Amino acid sequence: MTILQALARAYDRLAADGGAPPFGYSTQQIGFLIVIDESGAVVGQPIDLRSDGKKRVGRSLNVPRPEKRTVAILPNFLWDKTAYALGVTAGEGKRTAQEHAAFVARHREALADSDDDGLIAFLRFLDAWTPDQFAARNWPEDMKDDNIVFAHDGEYLRNVFLHDRAAARAIWARLSAEASGGAARCLVTG
């Protein structure tokens, strides 16, 4: 066994035990969860995933790897901060409308051919959502600029988020492969 093979096996064991995110995923602090039903309508108020205490910290969740943003507008897949996902921010937000439009466009394109109920509901949510609904629904102000994830009604009770669904994982694997330039030779397995 080579050193690379031993490292790959060690990483696989860590990932299986929950000690490391699966390949293509990253552990991020997520502050809120928005639950949607089959029609894409929001179910209730956002669920606060942050810890209690002086400094409220989001829950560590494995989500699709975040985009590397500097000045470019690059939305994450099925999760993001509220400026991208909902079109609202606590600050001035000069580009918030552009960030939200990019989030919607990316998901319309990526999920266009999906027949998964949860992903179709998410597209319906995006089609119906407008940033002014944030204030109209009386959502908490401290939610702004936090990372959020989405779940299909009923699945959130089992801690299954949209990005965890098999169809979402397959789409993310395809998107990741396309972004990396397609096939490459594995240094461990050849």
- Over region 1-156, with neighbouring protein chains present, the accessible area per residue in Å² at probe 1.4 Å is 54 Å²
- Query: Of all the stretches in the chain, which is the longest one without any exposed loop site, taking trypsin sites (Lys or Arg not before Pro) in a DSSP loop (any state but H, G, I, E, B) with at most 12 other Cβ atoms within 10 Å?
  - Reply: 1-53
- Query: Thinking of region 78-190 as a set of Cα atoms, what percent of all their pairs are more than 24 Å apart?
  - Reply: 34 percent
- Message: Based on DSSP loop calls and a cut-off of at most 16 other Cβ atoms within 10 Å, the longest stretch of the chain free of exposed GluC sites (Glu not before Pro) is what?
- Response: 93-154
- Task: Give me the percent of the accessible area of region 1-119 that comes from carbon and sulfur atoms, probe 1.4 Å, all protein chains in place.
- Result: 53 percent
- Item | Chain lengthening between Ala90 and Arg56 when straightened (0.36 nm per residue, less Cα-Cα) | 10.6 nm
- With each label point set 7 Å from Cα along the Cα-Cβ vector, what nm distance links Met1 and Ser180? 2.2 nm
- Message: I'd like to verify something in the chain: which complete DSSP H helices, judged by Cα projection on the helix axis, reach 18 Å or more and average at least 0.0 on the Kyte-Doolittle scale?
- Response: 3-16, 166-179
- Note on the structure: Toy charge model, Lys and Arg Cβ at +1, Asp and Glu Cβ at -1: the chain dipole around Cα centroid in debye, rounded to 20, equals 820 debye
- How far apart, in nm, are two points set 7 Å out from the Cα along the Cα-to-Cβ line at Ala112 and at Asp132? 3.0 nm
- Query: Which lysines have a Cα lying under 19 Å from the Cα of Lys81, excluding residues fewer than 8 positions away in the same chain?
  - Reply: Lys55, Lys68, Lys94, Lys144
- Jot down the radius of gyration and Dmax of the chain, Cα atoms only, both in angstrom. 17.6, 60
- Förster radius 22 Å - calculated FRET efficiency between Arg69 and Ala173 (Cβ-Cβ, nearest 0.05): 0.50
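The values are calculated or read from the model by the stated rules, or taken from the named source; none is laboratory data. These numbers were taken from a predicted model, which means no experiment stands behind them. Positions of Cβ are backbone-derived with ideal geometry, glycine not excepted, and every protein chain shown enters the neighbour counts. These accessible areas exclude ligands, DNA and RNA; they are computed on the full protein's heavy atoms, side chains included. Shrake-Rupley method; radii C 1.70, N 1.55, O 1.52, S 1.80 Å.
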